[in-house]
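No lab work stands behind these numbers, since they all come straight from the coordinates. Bear in mind the structure is a predicted one, so any value in this text is a computation, not a measurement.
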Amino acid sequence: MILLEMAEAVAPGCDIDYIGIRAGEKLQEVLVSEDEARQALETEDMFVIQPAHSWWRRENWHDARPLPDGFRYTSDSNPHWLTREELQELIGGGSPESEKVMILQPQSATA
């Protein structure tokens, strides 16, 4: 899902100002580097970067498999993109509960 589709899914009909890329802004992110991949495992739905601690137990991840040599995971190489429906389900869109707004009032310092 591209950013404009995400904005429309989260706030249908919202006004969008096109401002372009800002100085220093990244278009993609490296989510698992080649160095991290050497200590990482892949499960069905996530990557686990194993810490180098004596208390860590690799056997707790019995369904996980090591990543291949030279593996690198970046945001532009992700094979799964959320659909509008999946995003709305994640954020609770469409349900009556998602329509409610909670307003928090600051407490006074003397209370």
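A few notes on this one:
- Using θ = phi - 60° and Karplus 6.51 cos²θ - 1.76 cosθ + 1.60, couplings along the range 8-13 (whole Hz; Gly, Pro as x): 5, 5, 7, 9, x, x
- Derived scalar couplings ³J(HN,Hα) [the range 21-30; Karplus, 6.51 cos²θ - 1.76 cosθ + 1.60; whole Hz; x for Gly, Pro]: 6, 8, 4, x, 6, 9, 8, 9, 10, 8
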